[in-house]
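Everything on this sheet refers to the single structure shown next.
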Amino acid sequence: MSLYKLDSLLEDAARRSRDVASSGPPPLKEVWGALDGYIWSCLQKRRGLVLPNFCRLGWEGIRCRERSCMYFQLLDSFCRTFGVSNARSKSVPLEVDLSHMEDFNFSKAAIRFSRKLTKDQVHSGLRLLVHQLGDVLGQGRSVSLDFSFGKLLSREREVRFVFFNPSELPSSFVAPTAAAPGERLGGEIPTVLLGGDAFDATLSPPPPTTLPRKRPVVRAHGAAGGGRKKSVRRGKLKFPSEILTFEVCGEAARKPHSLAPEPPAPVSLVVETSEDNCWQSFPEVSTPRTESRTQRCYDELLQREMTSLEQRASE
């Protein structure tokens, strides 16, 4: 039996359309051209395309080998309807290794990839071609359909797709070197496989991004004399014996416990930043020289410390 090619497919599909509808078949040759251009456009953009009730074509990424190759698979509904199967392969790719698959858009195919077709003509023409091809494949005939990027082959109800080598591809072909944004193919892909042959595809790593260094967070609350709010800094006082969390409110300050109040002295503030978890020193802050107000604050602090020590001792 002779090899079933594209011309025979178009003639038989047109004959089937005339038998069903009296209005005449849609321009199947233009429909096939729009279909071929649509698939090729998606492959160039490193995306896949799902042909309704027929197959899906796209890119398969082999993560362990850091390579990618074009991918073809018949849909399960097409295989069950016409009794055909995909050609046997060494391994079944995982969904995570496949590129994003775009659903076939009939309006897009008619507007962008043809000059005179309408959405209805693309829809009816694709349905006729798929049904006619399914009947031929179900009969076990040898099929060879030409695309601009490869050939669809079938023998004894086993279907496979052979993609062209890079030298046979159209001159407008640009080898994909990295996955587009939103795609699932990850990692660097230094080589691309087409039809079993490999060619280099150079990758350049993205430039490193530098994050601005954040300044320490300083919060303020409380009010000083005259009803005017002053800044409050939260941090840690660094003393030889211990580090005590403190809070400066207005003109008062807390100090570590001591048996007798000490005269006010300048202290050095050390604040832990939230960015790189390091210590950063601030200028020295001197307590006010108002003896009575400072003395009261020291007394209150001493009383609190004594109360806290008594509670701990009782426990």
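The values are calculated or read from the model by the stated rules, or taken from the named source; none is laboratory data. In this text the structure is predicted, and so the values were computed from the model without any measurement. No Cβ is skipped: glycine too gets one built from the backbone with ideal geometry, and neighbour counts run over all protein chains shown.
A few points about this structure:
- Residue satisfying condition, being within 25 Å of Gln132 (Cβ to Cβ), modelled with pLDDT under 90, among the small types (Gly, Ala, Ser) and crowded, with 18+ Cβ neighbours inside 10 Å, within set Ser68, Ser17, Ser2, Ser23: Ser17
- Within the stretch 96-111, restricting attention to residues that are without any contact (Cβ under 8 Å) to a residue 60 or more places away in the chain and of a type outside the set (Phe, Trp, Tyr), the residue that is farthest from Phe54 (Cα to Cα) is Ile111.
- When residues of the stretch 101-121 are limited to those that are crowded, with 19+ Cβ neighbours inside 10 Å and in contact with a Pro (Cβ under 8 Å, 6 or more places away or on another chain), the one modelled with the highest pLDDT: Phe104
- Applying a threshold of 9 Å to beta carbon distances and a minimum spacing of six or more residues, or different chains, the list of pairs starting in the stretch 303-315 at a residue that is free of Cβ contacts under 8 Å to residues at least 24 places away in the same chain and in a loop (DSSP other than H, G, I, E, B) and ending at one that is surrounded by 11 or more Cβ atoms within 10 Å (Cβ to Cβ) and of a type outside the set (S, T, N, Q) is empty.
- Of Ser167, Ser154, Ser171, all but one fail to be at pLDDT 95 or above, out of contact with any Lys or Arg (no Cβ under 7 Å at 6 or more places or on another chain) and more than 18 Å from Trp32 (Cα to Cα); the exception is Ser154.
- Of the criteria (1) closer than 20 Å to Val96 by Cα; (2) surrounded by fewer than 19 Cβ atoms within 10 Å (Cβ to Cβ); (3) at pLDDT below 95, which one Gly61 fails: (2)
- Single unsatisfied condition, Val159 versus (1) of a type in the set (Val, Ile, Thr); (2) farther than 23 Å from Gly33 by Cβ; (3) surrounded by 14 or more Cβ atoms within 10 Å (Cβ to Cβ): (2)
- If the condition is being assigned to a helix (DSSP H, G or I) and either at pLDDT below 50 or surrounded by fewer than 12 Cβ atoms within 10 Å (Cβ to Cβ) (or both), then the stretch 277-302 contributes Glu291, Ser292, Asp299.
- Positions within the stretch 144-156 being within 16 Å of Leu51 (Cβ to Cβ) and either among the hydrophobic types (A, V, I, L, M, F, W, C) or part of a loop (DSSP other than H, G, I, E, B) (or both), in sequence order: Leu145, Phe147, Ser148, Phe149, Leu152
- Considering (1) farther than 20 Å from Asn165 by Cβ; (2) free of Cβ contacts under 8 Å to residues at least 24 places away in the same chain, the lone condition that Ser85 does not fulfil carries the number (2).
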